[in-house]
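Participant: Pasting a structure below so you can have a look.
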Amino acid sequence: MLDFKDETPALPSYEEDFALWLDVQAALLRSGQFAQLDIENLIGELQGMSSSQHRELMSRLVVLLKHLLKCQFQSRRKSRSWHSTIHEQRREIGALLETSPSLRHQFAEYSNKAYPHALKEAAHETGLPENSFPRQLPYTLEKLLNADCLP
């Protein structure tokens, strides 16, 4: 951990050494040297971190929904692998919602946005026509997160 109480070393640029830049920014915050902070790049990184959380939720919902559809509409081909993927995605979504509770307020919106992507992927992977699947999200939000709920 860097400590800037006595002196401020030459500050690395964001482009020059990202890991060191992060360490220096954290040390500057800890020591209250706010004027030395690279505000523009800090804002960009914070926004990027937020976007990453949103993308992860969307991505995991697409995978979860795709596998739920495959299990429901190709029940004869259900496999342990599909069940394992469903379990893993639910666990990871749960962990994401636990560490970022504000995403829970957007869960319905993201589920509905993810569904058309999941439908297309499920149709492609199963060989079934898209109109074989419901046009709208067929699962309640509670069922999406319920570890015991399998179609």
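Participant: Restricting the search to region 67-81, which residues are assigned to a helix (DSSP H, G or I), touching a Ser or Thr at 6+ places or on another chain (Cβ under 9 Å) and either of a type in the set (Phe, Trp, Tyr) or over 15 Å from Asn146 (Cβ atoms) (or both)?
Facilitator: Leu69, Lys70, Phe73, Arg77
Participant: Which count do you get for residues in region 106-125 that are farther than 12 Å from Leu57 by Cα and either at pLDDT below 95 or in contact with a Pro (Cβ under 9 Å, 6 or more places away or on another chain) (or both)?
Facilitator: Adding up the residues that qualify gives 4.
Participant: Okay, moving on. Which of the residues that make up region 15-63 are among the hydrophobic types (A, V, I, L, M, F, W, C), under 26 Å from Glu98 (Cβ atoms), surrounded by 12 or more Cβ atoms within 10 Å (Cβ to Cβ) and over 12 Å from the mean Cα position of the chain (by Cα)?
Facilitator: Answer for region 15-63, where residues must be among the hydrophobic types (A, V, I, L, M, F, W, C), under 26 Å from Glu98 (Cβ atoms), surrounded by 12 or more Cβ atoms within 10 Å (Cβ to Cβ) and over 12 Å from the mean Cα position of the chain (by Cα): Leu22, Ala26, Leu29, Leu42.
Participant: Within region 62-76, is even one residue more than 30 Å from Glu121 (Cα to Cα), in contact with a Pro (Cβ under 9 Å, 6 or more places away or on another chain) and not charged (D, E, K, R)?
Facilitator: No, because not a single residue in region 62-76 is more than 30 Å from Glu121 (Cα to Cα), in contact with a Pro (Cβ under 9 Å, 6 or more places away or on another chain) and not charged (D, E, K, R).
Participant: What single numbered condition from (1) modelled with pLDDT of 95 or more; (2) in a loop (DSSP other than H, G, I, E, B) fails to hold for Asp148?
Facilitator: Every condition holds for Asp148 apart from (1).
Participant: Looking at Arg104, is it within 28 Å of Met49 (Cβ to Cβ), in a helix (DSSP H, G or I), free of Cβ contacts under 8 Å to residues at least 40 places away in the same chain and among the basic types (Lys, Arg)?
Facilitator: Taking the combined requirement at face value, the residue satisfies it.
Participant: From the list Pro129, Pro101, Pro138, Pro134, which residue is surrounded by 14 or more Cβ atoms within 10 Å (Cβ to Cβ), out of contact with any His (no Cβ under 8 Å at 6 or more places or on another chain), more than 13 Å from Arg60 (Cα to Cα) and not hydroxyl-bearing (Ser, Thr, Tyr)?
Facilitator: Checking each option against the conditions leaves just Pro138.
The values are calculated or read from the model by the stated rules, or taken from the named source; none is laboratory data. None of these values were measured; they are calculated from a predicted model. Every residue, glycine as well, gets a Cβ built from its backbone with ideal geometry; the counts of neighbours run over all protein chains shown.
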